[in-house]
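The values are calculated or read from the model by the stated rules, or taken from the named source; none is laboratory data. This one's a predicted model, so the numbers in the text were calculated from it and none came from an experiment. Heads up, the Cβs are rebuilt from the backbone with ideal geometry, glycines too, and the neighbour counts pull from every protein chain shown. SASA here: full protein model, heavy atoms, side chains in, ligands and nucleic acids out. Shrake-Rupley method; radii C 1.70, N 1.55, O 1.52, S 1.80 Å.
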Amino acid sequence: MEGLDPSRELSLYIHVPFCHKKCDYCAFYSIAESCLDRDAIALYLDRIKASIKAINKEYKKPYYTIFVGGGNPGIIGYENLVSILSLAEENGMPEEVTVELNPEDVTDDIKKLKPYVSRISVGIQSLSEKNLRTLGRNTNKEISIKALGILSRSGLDFNADIMTAIPGEEIEESLYDIKTIASFKPDHISLYCLSFEEGTPILERERPIGEDMEALFLLKCWKELSSLGYEHYEISNFARNGKRSLHNMVYWHLGQYIGLGPTAESSLGYDQIVSMRNTEDLISYINDPSFQCERLTKEQVEEEFLIVSLRCKDGIDKKEYKNRFLIDFDSRYADAISTLPKHEYINNNERFSLTEEGMMRLDRIILSLAMSF
C-alpha cells in the first residue's frame, strides 16, 4: 500500500453499492435492486473479502475503525455483513465498527450483528410522508418509527440521519423530526441540508429553498438539538454522552483510511499523503480492484487539513499543525485571521476554531486562509 505509515492507526471503509431503490437526490455511485445481477453481487463480496485478507496480511493490527456504507449495506443481508466483518476483525476488534442501514432493513435480527458491530447509522431523513415523496425515499414514517424502536432496544449505539431544507418543508416539520427521533435516545444525530447534485432526478422538478432560508433552517435545528443535549461537534453532526463518530473523526483529522469498493477513496500517510481511488463501476472493480494513486503536494495536504479541521468544533490543533507542516500556525495565518469578524472564530494558544456563525461561512473563511499559501 503506497504511502502507508504503519506507525499510525488505519481505518477501513467498505462500500456496498447496492440499494432497493436509488433516492432522487442521491449522486453517489449505487445500483438499484431492479438492475442487480445476483452473480455480480456474489463476485463483488468475494472481491471485497480478498482485498480485506490482503490488507490484513500487510497491516497485521486491528483497524482503528471500520465503516460499512452504501448504497444500503442491509440489502446483502446480516449474514453477509457478519461474514465480511468477522474477516475484517481477524487481527482484533476496532475501537468502533459502524454499519449503515436503511429503515426498511432494520429488523429484530440485528442481534446477529452485535458481536461484530458497535454502531448502526440509520438513514431516516424525514418522518413526513410528503417530504419522503419529494426525496424519492423507499420508506415511510411507520417503517422509520419501527426501526428506531428496534435500535433503541438493541443495546447498540446508533446514529440517525435527518435531512432539512427540503422544498415545500416548514421549519416546524424539521423540528418535529428532531424531537421525535431524539425521543428514541440515539447518541448521535447527523443533520444535513438537502443538496442538489447534477444528474439527479430531484433537480429536474425541484429547486433549492435558497441560502438565507437554509441558514434559518439550520440555526433553528442546531438550537433544538442543543436544547436536547446534543453537542454540535462538527458542522453536520451532533453527539450526546461523548459518542462522537470515531470513524468520521478520522476523515476530519486527516487520518489514514483505506476504502474498498467502486468509487471508494483512501488516504495514506501523514505530512505527505497518497490519495487513492477505486474504479468507477461495479464490474470494473470486480475485474480489477487496483487503486488510482496521486501523491498530494504539501500545499494540497495543508488545504485539505484546513477544510476538514475547520468543519469541527475542536478546530485546528496548533501543535498538530506544526508537527505536520513544520511551520507555526499563528505566523502563517495571523494576517488572514485579522480580517475575519471576531464573532466567527475562537483563537488561543492551543487552537483555532470556528463558532457556529463561522461554520455558516466556512467556505469564505477557508478561502481567506488559503490566500496565505
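Taking segment 110-133, which residues are among the aliphatic types (A, V, I, L, M) and either touching a residue at least 40 places away in the same chain (Cβ under 8 Å) or part of a loop (DSSP other than H, G, I, E, B) (or both)?
Residues satisfying the conditions are 110, 113, 117, 124, 127.
Determine which member of the set 259, 242, 229 is open to solvent by less than 30 Å² (accessible area, probe 1.4 Å) and either in contact with an Asp or Glu (Cβ under 8 Å, 6 or more places away or on another chain) or not aliphatic (A, V, I, L, M) (or both).
Exactly one of 259, 242, 229 is open to solvent by less than 30 Å² (accessible area, probe 1.4 Å) and either in contact with an Asp or Glu (Cβ under 8 Å, 6 or more places away or on another chain) or not aliphatic (A, V, I, L, M) (or both), namely 259.
Could you please give the count of residues in segment 134-151 that are assigned to a helix (DSSP H, G or I) and closer than 19 Å to residue 191 by Cα?
Qualifying residue count for the region: 8.
Name the one entry in 330, 363 that is free of Cβ contacts under 8 Å to residues at least 40 places away in the same chain, over 20 Å from the mean Cα position of the chain (by Cα) and either farther than 24 Å from residue 226 by Cα or open to solvent by 70 Å² or more (accessible area, probe 1.4 Å) (or both).
Among 330, 363, only 330 is free of Cβ contacts under 8 Å to residues at least 40 places away in the same chain, over 20 Å from the mean Cα position of the chain (by Cα) and either farther than 24 Å from residue 226 by Cα or open to solvent by 70 Å² or more (accessible area, probe 1.4 Å) (or both).
Can you report the number of residues in segment 273-292 which are under 20 Å from residue 58 (Cα atoms) and open to solvent by 10 Å² or more (accessible area, probe 1.4 Å)?
Residues that pass the stated criteria total 7.
Look through segment 45-81, keep the residues that are touching a Leu at 6+ places or on another chain (Cβ under 8 Å) and open to solvent by 30 Å² or more (accessible area, probe 1.4 Å), and return whichever of them is farthest from residue 118 (Cα to Cα).
If we take residues in segment 45-81 being touching a Leu at 6+ places or on another chain (Cβ under 8 Å) and open to solvent by 30 Å² or more (accessible area, probe 1.4 Å), then 58 is farthest from residue 118 (Cα to Cα).
Pull up segment 339-356, narrow it to residues that are in a helix (DSSP H, G or I) and open to solvent by 90 Å² or more (accessible area, probe 1.4 Å), then point me to the one that is nearest to residue 192 (Cα to Cα).
343
Considering every residue within segment 86-105, establish whether at least one is within 24 Å of residue 200 (Cβ to Cβ) and at pLDDT below 95.
no
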